[in-house]
Amino acid sequence: MPHDWAVTLPFVKVDNFDVMAHGYKPVGGLFPETSIGWYRKHFAVAAADSGQRFQIQFDGIFRDANIWLNGFYLGNNKSGYCGIAYDITDYINFHGDNILVVRADATQYEGWFYEGAGIYRHVWLNQMNNLHVVKDGIYAYSNIQNNKAIINIETTVENKALTAANATVKAYLKDRNGNIIASSKEQPVSLAINENKSIKQSININTPRLWSLEDPYLYRVSVIIKSGGITVDSKQLRFGIRDIAIKPNGVFLNGKHIKIYGVNNHQDHAGVGSAMPDYLQYYRVNLLKNMGVNAYRTSHNPPTPELLDACDSPGYAGAG
């Protein structure tokens, strides 16, 4: 993984728009024998971890994916671009083999361009405490005034235990070397069974180093969840402090007018199809920046998270 079986298929010459638009690869309604793929993964989970929760996360499967674990049907995801995640705690065998099965059906298309076929983005097995930050559960944004910045952090915490839970939430701002610059107050939260709550906190700092095209500096926002004084979950994301304003006379970054030099990119890459290794995202984005590009339009669907990270790192005015 990631894997794209379409890119390895031979070229075919067929007088059909779908085939021509998709790089003359034999995938689609005319080619049922090469348009459906099956994946099986065997894995083990330690019995000592049976008190934890587990989630299987697919960042992208092209497409119409049906997913099973140990014979239990988890669900279907039609989209070839939107990721999906399932809580698999109740279906795991902690004392033997586990078998994850995915059926991907690329017969139907979502675009008129090469789209690939299969599990072409990362797959993650996430392990967490019953009390945890939900998937994509940290949202951070900044307000800049004079030479100060207020970092607003919203964290969504969930309790999947069999009893109510009490916890505390604390947020930290770190520099790129991991040094703590500032932190929020520790905020208590009480959660009923299966309840989730959003905790809003703020951190104030003086003389922030602003993210810009010339200096794409990224801080780290870190959130720690404690219960009974013990850390039960923590999450971290990279974060740039910046102010972007779109006005009738243009785009302004940190008060400076920016002329947008954008490109429109499909997600596939020569030689590997849609199964892009992470380093290729950074390689391509850096090539584009060296050409003078400062904005990236993803064509035409939600991109892989690694592309967004690649755009933040060298300094792009926008990606999306």
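The values are calculated or read from the model by the stated rules, or taken from the named source; none is laboratory data. Every value quoted in this text rests on a predicted model; they were computed, and no experiment measured them. Every residue, glycine as well, gets a Cβ built from its backbone with ideal geometry; the counts of neighbours run over all protein chains shown.
Odds and ends about this structure:
- For ILE230, the criteria (1) β-branched (Val, Ile, Thr); (2) free of Cβ contacts under 8 Å to residues at least 12 places away in the same chain; (3) not assigned by TED's automatic domain parsing to the domain that holds ILE151 hold in every case but one, which is (3).
- Some residue of the range 57-65 being closer than 20 Å to GLY29 by Cβ, of a type in the set (Phe, Trp, Tyr) and not in a loop (DSSP other than H, G, I, E, B): yes
- Which numbered condition GLY80 fails, given (1) among the small types (Gly, Ala, Ser); (2) assigned to a strand (DSSP E or B); (3) under 19 Å from ILE67 (Cα atoms): (2)
- Test result for LYS13, surrounded by fewer than 18 Cβ atoms within 10 Å (Cβ to Cβ), within 26 Å of the chain's Cα centre (by Cα) and not assigned by TED's automatic domain parsing to the domain that holds ASP136: no
- Residue that is over 22 Å from SER198 (Cα atoms), without any contact (Cβ under 8 Å) to a residue 60 or more places away in the chain and of a type outside the set (Lys, Arg), where the choices are GLY118, GLY75: GLY75
- Put simply, of TYR114, TYR120 the only residue that is at pLDDT below 95 and either in contact with an Asp or Glu (Cβ under 8 Å, 6 or more places away or on another chain) or aliphatic (A, V, I, L, M) (or both) is TYR114.
- Taken over the range 89-103, residues that are hydrophobic (A, V, I, L, M, F, W, C) and assigned to a strand (DSSP E or B) amount to 4.
- Restricted to strands (runs of 3 or more DSSP E) entirely inside the range 148-191, those with at least 1 residues that are within 19 Å of TYR219 (Cα to Cα) are 148-159, 165-174, 180-183.
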